[in-house]
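The values are calculated or read from the model by the stated rules, or taken from the named source; none is laboratory data. Treat the numbers as computed from the prediction; the structure is a model and nothing was measured. Cβ placement follows ideal geometry from the backbone for every residue including glycine, while neighbour counts extend to all protein chains displayed.
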Amino acid sequence: MIRKTIFAALALSLSATVVAAPDSYQDAFELNRAMYGKGHTFVWQGKEYSTDHPEEIEAAVEANAANAAALIASAKAKNAEVAKLNFEWKLTRDIIKKAEAAAAKGEFRKALNLAAQAKYHARMGIEQYHYAQANWHLSVPE
Amino acid sequence: MKIKTGLMLGAALLTAGIVQAADSGFDLETVNPEADRKALQAYFKERFPKAEIEDYVNGIYAVDAPSREQWEALEEFPPYEFDIEEGERLFNTPFANGKGYADCFENGGIGIRHNYPYWNKEQGTVKTLEMEINECRENNGEKPLRWSKGDISRISAYMAWTSRDMPINIQVPKDDPRALAAYLDGKKFYYTKRGQLNLSCANCHLQGSNIRVRADIPGPMLGQTTHWPVFRSKWGEMGTLHRRYKGCHRDSRSRPDQPQSETFRNLEYFQSYMNNGLVSNGPGSRK
């Protein structure tokens, strides 16, 4: 009887794990990113993926002046896009300034990483805007 | 007879139910300010059953007894008293051309705060009291005042003082759909999550009201604009509602809008409509 109960509990916990498994790539990415940070890989539906954000992948280039300038310009453009939607985040402009200062001092790796962070902020702000358009009403009392 | 009475009662309850559950609306075709206002009051009645609706003009002090005790002690010698006096002096000091603020406003600017903000059909925009104070100055050849603090908040405080206990009466005119669009824009802003912290105004002041956020307790959304401008202990001085808007917006880690931007004026329009029927009790003092 005890053994049966243990098996039943085990079976239930296993099926719970299956139910809780992410059912979209986005969920799987966010789960793994939150658990392991950047620079890791995870498998979702039989395929291997990286936990790096697209901007971090963009920044993984040779650290030189041209690449740093290109990523900074790209981050600025993305931030202008989110500002137009009135969803700009507070720290982004400052991060871009820091990236420019690092590039000016010849610290190109630092500049690339900061520009990637700024571009990520901007992209998230744009995603937030689109989410808000569809969902803002959900907390309105009825 | 019993069946007929029961049916009539049922029909009456059904009608009441329909009225109560009227969709507050999320687009220009359906948005219904009155349904929003009633739904908000119903929300807080359920959330804090012991608090009287009229008491929400006192913000967090309507629902948190220990904070109220401290606030009542503070109000024995209100920190905004000198600002009202200075505001009155400024209000009555003539401009270089001999005219004054009283010449710019209805009823000489006395007892009008509770009608602000309002929809100006000719200009197609929401007008706030502070906006008209500065317009008055500019129309009379004076330089505009800074929006957030200082003299503008003192003049506004004096004008609010003359409107104390008058019921807030914000209109969304039905003959101009742009007014409803401005109201909807303010409503949408209030409920929209934004910034790196992904927070909406409602997250703190609706769902989060009277729930500790780090060391603070956010006040309820109902009654939020009735007592402005405010002497805030954190500031150590008087400030306008839009100063607080900017701070709140920044606190969500958004790049904040500027005081008197169209976004903030529409937000004030929506929030003030929610307070219709409550009394104007500015200026106030807050933590």
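Somewhere in the stretch B:80-93, is a residue at pLDDT 95 or above and aliphatic (A, V, I, L, M)?
yes
In the stretch B:194-215, what residues are crowded, with 20+ Cβ neighbours inside 10 Å, without any contact (Cβ under 8 Å) to a residue 60 or more places away in the chain and touching a strand residue (DSSP E or B) at 6+ places or on another chain (Cβ under 6 Å)?
The answer is B:Gly195, and nothing else.
When you look at B:Gly223, is it modelled with pLDDT of 95 or more and within 13 Å of chain A (Cβ to nearest Cβ), yes or no? Before the answer, list the steps.
Numbers: modelled with pLDDT of 95 or more: yes; within 13 Å of chain A (Cβ to nearest Cβ): no.
In short, no.
For the stretch A:87-113, how many residues meet the condition of being basic (Lys, Arg) and either touching a residue at least 60 places away in the same chain (Cβ under 8 Å) or out of contact with any helix residue (DSSP H, G or I) (no Cβ under 8 Å at 6 or more places or on another chain) (or both)? Reasoning before the result, please.
At the first step, the residues of the stretch A:87-113 found to be basic (Lys, Arg) are A:90, A:93, A:97-98, A:105, A:109-110.
Narrowing further to those that are either touching a residue at least 60 places away in the same chain (Cβ under 8 Å) or out of contact with any helix residue (DSSP H, G or I) (no Cβ under 8 Å at 6 or more places or on another chain) (or both): A:97, A:105, A:109.
The number of residues fulfilling the criteria is 3.
Return yes when B:Tyr269 is within 14 Å of chain A (Cβ to nearest Cβ), surrounded by 23 or more Cβ atoms within 10 Å (Cβ to Cβ) and of a type in the set (Ser, Thr, Tyr) and no when it is not.
No: the conditions fail for B:Tyr269.
Yes or no: the stretch B:255-270 includes at least one residue that is over 18 Å from the mean Cα position of the chain (by Cα) and either among the polar types (S, T, N, Q) or within 24 Å of B:Leu129 (Cβ to Cβ) (or both).
Yes, that holds for at least one residue.
Just for the stretch B:121-133: of the residues that are in contact with a Lys or Arg (Cβ under 9 Å, 6 or more places away or on another chain) and either free of Cβ contacts under 8 Å to residues at least 24 places away in the same chain or surrounded by 19 or more Cβ atoms within 10 Å (Cβ to Cβ) (or both), which one is farthest from B:Trp228 (Cα to Cα)? Please lay out each step first, then the result.
So the first thing to find is which residues in the stretch B:121-133 are in contact with a Lys or Arg (Cβ under 9 Å, 6 or more places away or on another chain), and the list is B:121, B:124-129, B:131.
After this cut, where a residue has to be either free of Cβ contacts under 8 Å to residues at least 24 places away in the same chain or surrounded by 19 or more Cβ atoms within 10 Å (Cβ to Cβ) (or both) as well, the list is B:126, B:128-129, B:131.
Values: B:Val126: 17, B:Thr128: 12, B:Leu129: 11, B:Met131: 14 Å.
Going through the qualifying residues, I end up with B:Val126.
Just one of the numbered conditions (1) buried (at least 18 other Cβ atoms within 10 Å of the Cβ); (2) closer than 25 Å to B:Gln260 by Cα; (3) more than 14 Å from every other protein chain (Cβ to nearest Cβ) is not true of B:Trp71; which one?
Against the list (1) buried (at least 18 other Cβ atoms within 10 Å of the Cβ); (2) closer than 25 Å to B:Gln260 by Cα; (3) more than 14 Å from every other protein chain (Cβ to nearest Cβ), B:Trp71 comes up short only on (2).
How many of the residues in the stretch B:222-254 are surrounded by fewer than 21 Cβ atoms within 10 Å (Cβ to Cβ) and in a loop (DSSP other than H, G, I, E, B)?
6
Using the structure shown, decide if B:Glu34 is at pLDDT 95 or above, surrounded by fewer than 17 Cβ atoms within 10 Å (Cβ to Cβ) and more than 18 Å from B:Asp185 (Cα to Cα).
No: the conditions fail for B:Glu34.
Among the residues of the stretch B:36-55, count how many are away from chain A (no Cβ under 14 Å) and under 14 Å from B:Gly219 (Cβ atoms).
2
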